[in-house]
Amino acid sequence: MTNVMPTPPPGTGPELLAVGETMAMVAPLTGDRLAEAEHFRLDAGGAESNVAAHVAALGHRAGWFSRLGDDALGRRVRAQLKARGVDVSSVITDPVHPTGLYVKDPGNGVRYYRAGSAASQLSIADAELVDLRGVRILHVSGITAAISDSAAGFLRRLMRRARDAGVLVSFDVNHRLALWDCAVAADALAALARRADLVFTGRDEAESLWGTVSASEVRAHFADVPELVVKDGSIGATTYLGDQEVFEPALVVDVVDVVGAGDAFAGGYLAALLEGATPAERLRAGHRRAALTLQTTGDSIDERVL
């Protein structure tokens, strides 16, 4: 059993469309702690748009849909994603609600300033506006379901629209403890995962959410998901495709910051899926992309230095 990519139609629309909140991200230029750092970067950061940027960097047409505030940060985020080759032409500019912001403190997590953000206003009506013509993969994550009730409704409706249209739905669990605790999130995220064709989750987050302690137990919990990818940090990742199980070890790198590595992995994996790669090749492509991100404080990679 395998996920088979539909033949792309002629045109220039995105092959992969990623949907979800992107915020402005502030981080030290080096791995210094936030309190001691002297130089910072101001970048676009969001799980789904990160995936789109990685897919675009690997030579595929990628788009991103969400809401941004009608403010300087929103304009900067839009421009930065566009510069990375991501189609942002359908993004909604919200005249009332601001663009969210988050700050990285290397080695000490992330602080979010996103309450009342433009993206939290996503609604079922917005889901009807998303253009799925020509899209081969819709990529979403559990973060959207956590930022507001209306955004959760948006996500469920969009996933249904995509599946009805024959678009492969890729879902990254992406549990964020700062947004909702495990007791609240577990059932909601499991229900969303079971609506998808392809699911990404970390072994550790799956253990926190569902009490599964191994990749095989995660598979048993989601036996009805056609394609399941379980990531296990520096150990490696396993793809379950029907009855098939494929493991690939992670690459050994000097880690500066782990934030964004999961998005990079998904981007590499999905780009390889678009190319018709085997499960093992998809996993290796994901590891290669994640390894690059682990060596920077940003969520993105400066392709000019590769």
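The values are calculated or read from the model by the stated rules, or taken from the named source; none is laboratory data. Since the model is a prediction, treat every value here as computed from it, not as a measurement. Glycine gets a Cβ as well: all are built from the backbone with ideal geometry, and neighbour counts include every protein chain shown. Note: areas computed on protein heavy atoms with side chains; ligands, DNA, RNA excluded. Shrake-Rupley method; radii C 1.70, N 1.55, O 1.52, S 1.80 Å.
Of all residues in the range 106-127, those satisfying the criterion of being surrounded by 15 or more Cβ atoms within 10 Å (Cβ to Cβ) and assigned to a loop (DSSP other than H, G, I, E, B) are Pro106, Arg114, Ser117, Ala118, Leu122, Ser123. Of all the listed residues (Phe154, Phe171), the sole one being open to solvent by less than 30 Å² (accessible area, probe 1.4 Å) and either more than 19 Å from Asp94 (Cβ to Cβ) or over 17 Å from the mean Cα position of the chain (by Cα) (or both) is Phe171. Is at least one residue of the range 216-230 closer than 30 Å to Gly31 by Cβ and either surrounded by fewer than 18 Cβ atoms within 10 Å (Cβ to Cβ) or touching a Leu at 6+ places or on another chain (Cβ under 8 Å) (or both)? Yes, because at least one residue in the range 216-230 is closer than 30 Å to Gly31 by Cβ and either surrounded by fewer than 18 Cβ atoms within 10 Å (Cβ to Cβ) or touching a Leu at 6+ places or on another chain (Cβ under 8 Å) (or both). Any chance the range 90-105 includes a residue that's open to solvent by less than 20 Å² (accessible area, probe 1.4 Å), farther than 22 Å from Val167 by Cα, in contact with an Asp or Glu (Cβ under 9 Å, 6 or more places away or on another chain) and β-branched (Val, Ile, Thr)? Yes, there is a match, as at least one residue in the range 90-105 is open to solvent by less than 20 Å² (accessible area, probe 1.4 Å), farther than 22 Å from Val167 by Cα, in contact with an Asp or Glu (Cβ under 9 Å, 6 or more places away or on another chain) and β-branched (Val, Ile, Thr). Quick check, is Ala285 open to solvent by 10 Å² or more (accessible area, probe 1.4 Å), modelled with pLDDT of 90 or more and in a helix (DSSP H, G or I)? Yes; evaluated as a whole, the condition is true for this residue.
Taking the condition within 19 Å of the chain's Cα centre (by Cα), modelled with pLDDT of 95 or more, open to solvent by 40 Å² or more (accessible area, probe 1.4 Å) and not aromatic (Phe, Trp, Tyr), does Arg75 pass? No; evaluated as a whole, the condition is false for this residue.
Any residue that is in contact with a strand residue (DSSP E or B) (Cβ under 9 Å, 6 or more places away or on another chain), surrounded by fewer than 18 Cβ atoms within 10 Å (Cβ to Cβ), assigned to a helix (DSSP H, G or I) and without any contact (Cβ under 8 Å) to a residue 60 or more places away in the chain - is there at least one of those in the range 193-206? Yes, because at least one residue in the range 193-206 is in contact with a strand residue (DSSP E or B) (Cβ under 9 Å, 6 or more places away or on another chain), surrounded by fewer than 18 Cβ atoms within 10 Å (Cβ to Cβ), assigned to a helix (DSSP H, G or I) and without any contact (Cβ under 8 Å) to a residue 60 or more places away in the chain.
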